[in-house]
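Since the structure comes first, as C-alpha cells, the remarks are kept for the end.
Read-outs: derived from the displayed coordinates by stated rules, not from any lab. None of the values given here were measured: they were computed from a predicted structure. Glycine also receives a Cβ, built like all others from the backbone with ideal geometry; neighbour counts cover every protein chain displayed.
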Amino acid sequence: MKDSKVKPLRNERTSGRIIHHTSEKSILFIFDTGSKSSSFDICMAYDAGFDAVVLYENVTPEDAERLVQDALFSRGPRRSRFTSFFIGGKDLEKAEAVLEAVKNIKVPQPVSSIIIDPGGAYTTAAAMIAKTEHALLTSKLGRLENKRCVILGTGPVGRIAAVLLAKLGCKATIASTNPNRPNGEEYIKEVENFLLKRYNVDIHGVYAPRHEEKTRLLREASIIFCAAAPGIQVIDRSILKEIGDGKVMVDVNAVPPPGIEGIKPEDDMREIYPDMFGIGPVTIGRLKCRLELEILREAKETGEKIYDYKLCLEMARNLLRRPN
Ligand SMILES: NC(=O)c1ccc[n+]([C@@H]2O[C@H](COP(=O)([O-])OP(=O)(O)OC[C@H]3O[C@@H](n4cnc5c(N)ncnc54)[C@H](OP(=O)(O)O)[C@@H]3O)[C@@H](O)[C@H]2O)c1
C-alpha cells in the first residue's frame, strides 16, 4: 500500500515556533515497565496535542522491540515521524534496558522520537538542577559545578539528580536517611555500584538515618537537595540550627510536611532560616511540567530524537532563558 502524502493544512506561530498542522494522526505509545501507567504522563501527552495515547504495561525489552517494529511497519516512512514512544515505569534499570532495545531495532526508516522518563525522574531531576543552577547565578552565588552538594533520597529522582551533578563536575554525595532500611550500609554501596555501572559516575554514598549523622553530612555541603518520598520530613529545625549558614536548600517533595522544615511550595531563594535560602517543590514542579510538555510537543512534531536525562537538562536550561 502506498503512503498518503503529508499534507500541511496551515501554519501557525505560537511563542516563536512554527507549528506545522498536518492531516496525519500523531500517536504516542507509552511503554511502562511497571503495572500501572502514570496518569500524569497520559494527561501531559494529550495536553501536548497527541491524537492518541496508547498504553502498554509490564513491557520488557523484547516486547518493546516487537511493538516498535509493528508500529513503524504499519505507519511507513512518512507517518513514522508522527509516531512517538515514551518509556516509563519507576524502575530506572528496566527503563534503560527497554531504551537500549528500541535504539537497536532494525527497521527501514529511522525510529522516531523516544522519550525516557522513568517515574518522572529524568524531567524532575533536570528541572531541579537547572532551576538551582539558574538561581545561584541570578543570586550571584557562583556556579553550581564548584559547589559541594548532598542529595537526600536514593529513589529515581535522587539518583538522577546525583548523576547530573556528577556529570557537571560537582562534588556530589548521595545519602539515604531512611531509618527503615535493614542493611543501610550495604544498601548505599549497592546504590554507588548501580550509578557507576549504569551511568558511569563515581558518586560517594552515605547512610545517615540519625540526627548526628545527618548534621555531620550536611555541615560539609553548600547545596542540599531533598528528594525523599512524599510527605517525609528529613531535615527539621534542630538540624538546620546545627549545620551552619550560607546554604541553599532545595526540596522536591510537594506533599506536606515538607522534606525540609520551613520550606514553602512556592519558595524561590527565600531566606527560610538565617542565611539559608530555599527553593520549593512547586517552583521546581512548574519547570518540570513546562519541560515535559515541551519534550512531548517537540517529539510529536519533529521526531528522531532520544529525550534522555542529558537532553532534559539542556532543554530545562533553555526554558529558563525563555519567558513563561
Ligand atoms: N515537585 C515535583 O514536580 C515532583 C515531581 C516528581 C516527583 N516529586 C517528588 O520527588 C520526591 C522523590 O521522588 P522519587 O520517585 O525518587 O521518590 P520515592 O522513590 O518515592 O522515594 C525516595 C526515597 O525516600 C526515602 N524514604 C522513604 N521513607 C523514608 C523515611 N521514613 N525517612 C527517610 N527517607 C525515606 C526512600 O529511601 P532512601 O532514602 O533510602 O532512598 C526512597 O528511596 C518525592 O517526594 C516525589 O513526590 C516531585
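A simple rule links phi to the HN-Hα coupling: the Karplus curve 6.51 cos²θ - 1.76 cosθ + 1.60 with θ = phi - 60°, which for the stretch 301-315 gives 9, 10, x, 6, 10, 10, 8, 10, 5, 5, 5, 4, 5, 4, 5 Hz, with x for Gly and Pro. Here the Karplus curve 6.51 cos²θ - 1.76 cosθ + 1.60, taken at θ = phi - 60°, turns the phi angles of the stretch 268-280 into couplings of 9, 6, 7, 6, 8, 7, x, 6, 9, 10, x, 10, x Hz, with x standing for Gly and Pro. Neighbours of G259, meaning other residues whose beta-carbon lies under 13 angstrom from its beta-carbon, give a summed charge of -2 when Lys and Arg score +1 and Asp and Glu score -1. Counted by Cβ distance under 15 Å from P179, the other residues give a net charge of -1, where Lys and Arg count +1 and Asp and Glu count -1. Packing, as the average of other Cβ atoms within 10 Å across residues, places the peptides 123-133, 56-66, 94-104 in the order 123-133, 94-104, 56-66, highest first. For the peptides 275-287, 68-80, the ranking by packing is 275-287, 68-80, with the highest mean count of neighbouring Cβ atoms within 10 Å listed first.
When each of the peptides 288-295, 47-54 is scored by how many other beta carbons lie within 10 Å of its residues on average, the order from highest to lowest is 288-295, 47-54.
Modelled spin-label separation between S35 and N180, with each label point placed 7 Å from Cα along the Cα-to-Cβ direction: 1.8 nm. Legend: calculated FRET efficiency, E314 to K264, from the Cβ-Cβ distance at R0 = 35 Å, rounded to 0.05, equals 0.75. Along its three principal directions, the equivalent ellipsoid of the chain from the Cα gyration tensor extends over semi-axes of 38, 22, 15 Å, largest first.
Under the simplified labelling scheme, the D47-S139 pair shows an inter-label distance of 2.7 nm, with each label point 7 Å from Cα along Cα→Cβ. Determine, from the Cβ-Cβ distance of E57 and N324 and an R0 of 22 Å, the FRET efficiency 1/(1 + (r/R0)^6), rounded to the nearest 0.05. Efficiency at R0 = 22 Å is approximately 0.05. Cross-link check: pairs K171/K214; K131/K288; K36/K103 evaluated at a Cα-Cα cut-off of 19 Å; pairs beyond the cut-off: K36/K103.
Between V54 and L28, F29, I30, the built amide H atoms are under 5 Å apart, and every one of these is 5 or more places off in sequence or on another chain. Determine the sum of side-chain charges near T124: Lys and Arg each +1, Asp and Glu each -1, restricted to other residues whose C-beta is under 13 angstrom from that of T124. Local charge sum for T124: +2. The amide H of V59, built 1.01 Å from its N in the peptide plane, has D32, T33, G34 as neighbours under 5 Å, considering only residues 5 or more places off or on other chains. The share of alpha-carbon pairs in the stretch 8-116 lying farther apart than 18 Å comes to 50%. How many angstrom lie between the Cα centre of the stretch 41-107 and the Cα centre of the stretch 228-255? The stretch 41-107 and the stretch 228-255 have Cα centres spaced 37 Å from each other. For the stretch 29-47, no residue has its backbone nitrogen under 14 Å from a point 7 Å from the Cα of V282, taken along Cα to Cβ. For the stretch 195-309, the normalised intensity computed at q = 0.11, 0.12, 0.17, 0.18 Å⁻¹ comes to -0.47, -0.54, -0.91, -0.97 (log10 of I(q)/I(0), Debye sum over alpha carbons, equal scatterers, no solvent). For N193 and I105, the difference between the fully extended length at 0.36 nm per residue and the C-alpha to C-alpha distance is 28.8 nm.
Considering helices alone, the calculated mean residue ellipticity of the chain at 222 nm is -13500 deg cm²/dmol, with DSSP H runs of length four and up weighted by -39500 (n - 2.57) and normalised per residue. Show the residues, 5+ positions off or on another chain, whose built amide H is closer than 5 Å to the amide H of K171. Answer set, sorted by chain and number: K147, C149. DSSP bridge analysis restricted to the chain gives an antiparallel fraction near 20%, rounded to the nearest 5.
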